[in-house]
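The values are calculated or read from the model by the stated rules, or taken from the named source; none is laboratory data. Fair warning: this is a prediction, and the values are worked out from it, not measured in the lab. A quick note on method: Cβ atoms are made from the backbone with ideal geometry, for glycine too, and the neighbour counts reach across all protein chains shown.
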Amino acid sequence: MKYKWLILLLAVFVAVGVGVLVLTQPDRVKKALNQGVGKLQETRYDMPARGICARHGTPLTHPDDTLVSFRRAVEVGAHMIKFVAQPCEDGEMIVMRDPEVDRTTNGKGRVQDLTLAEIKALDAGTWKNKEFAGTQVPTLREVLRAMPKDIWIVVDMRHGRAVGREVARIVVAERRQHQVILACSSEAIAGAREVDPSLHICNMQGQANSQKYIDATIAAKADFIQLHGPPDDTFKTWLDAAKKAGLKVIYFGTDLPDEAKKVLEMGADFVVTHNAQVLVDAAVDAGVPRLVPRN
């Protein structure tokens, strides 16, 4: 009987302690819960170990950085997509590679000077082909919600701490911590980790094929590093060094199937391309099966 009272007393003590923590440090509790959700998702979703990264979707045939372009990348079996996220005038994070809307829409002006409503009113498809007329510029939230949960999503950020923090908030709110990789500089990394220290990071600070870059990536506690070509003996040296350090290597990049196959056979984990339709087949030849999303 005395043990029953001891257990009850302990349960009350724990409940009071948790209640005090929630009241006095709500942000800390929320962050811990978010991290827990992220870890659970990682075990739930079987993420691709290697493959092809579709940069801007399938821009050779579809309008850059649009949902129709990203969905096509999924259809052809890409293992990862990569795009730039940036804030518009009222703070919403939109997906667009250029700082201006001029090239890929029927509008003009800088993204940071246009509201979300103004950007959504633009036609982001006709410039590529009339069949894409009326295609909109997507927000980061829309892209995350449209993509399967077992494809990697690389969000490239070219801004600092505040943008890193906001992108991380969106990723956590959409519960996509398990699949999003933030490709950014040290300031954006710091901002993102204020929201969730466990987010996947590709260090872009001081990008180069060098030991200094590898050491900086390790020091930043990043998961991924981005190396570039040509895929020769010198590249292989840095590729091996990065892999030995436990880093996942993203190769930037090629649109040539033979080159993509060679880089994968050398040991790179992902190859960035504009030509996912063709390079997925090259990856299959290198022993990397195309992604068939399950979630």
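Per-structure values
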| read-out | value |
| --- | --- |
| Complete set of residues in the range 206-224 that are touching a strand residue (DSSP E or B) at 6+ places or on another chain (Cβ under 8 Å) and over 11 Å from Ile181 (Cβ atoms) | Gln207, Asn209, Tyr213, Ile214, Ala216, Thr217, Ala220, Lys221 |
| Where Leu8 falls short, out of the listed (1) modelled with pLDDT under 50; (2) loosely packed, with under 15 Cβ neighbours inside 10 Å | (1) |
| Total residues in the range 77-91, condition over 12 Å from Ile153 (Cα atoms) and of a type in the set (A, V, I, L, M, F, W, C) | 1 |
| From Lys261, Lys221, residue being at positive phi and among the charged types (D, E, K, R) | Lys221 |
| Filter result for Met157 (out of contact with any Phe, Trp or Tyr (no Cβ under 9 Å at 6 or more places or on another chain), buried (at least 18 other Cβ atoms within 10 Å of the Cβ) and modelled with pLDDT under 95) | yes |
| Some residue of the range 205-225 being within 23 Å of Arg55 (Cα to Cα), charged (D, E, K, R) and modelled with pLDDT of 95 or more | yes |
| Options Val137, Val143, Val155; residue that is touching a strand residue (DSSP E or B) at 6+ places or on another chain (Cβ under 8 Å) and in a loop (DSSP other than H, G, I, E, B) | Val137 |
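Table: residues versus (1) among the small types (Gly, Ala, Ser); (2) at pLDDT 95 or above; (3) in a helix (DSSP H, G or I); (4) surrounded by 17 or more Cβ atoms within 10 Å (Cβ to Cβ).
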{"site": "Glu75", "(1), (2), (3), (4)": "no, yes, yes, no"}
{"site": "Ala85", "(1), (2), (3), (4)": "yes, yes, no, yes"}
{"site": "Asp102", "(1), (2), (3), (4)": "no, yes, no, no"}
{"site": "Ala117", "(1), (2), (3), (4)": "yes, yes, yes, no"}
{"site": "Gly164", "(1), (2), (3), (4)": "yes, yes, yes, yes"}
{"site": "Arg169", "(1), (2), (3), (4)": "no, yes, yes, yes"}
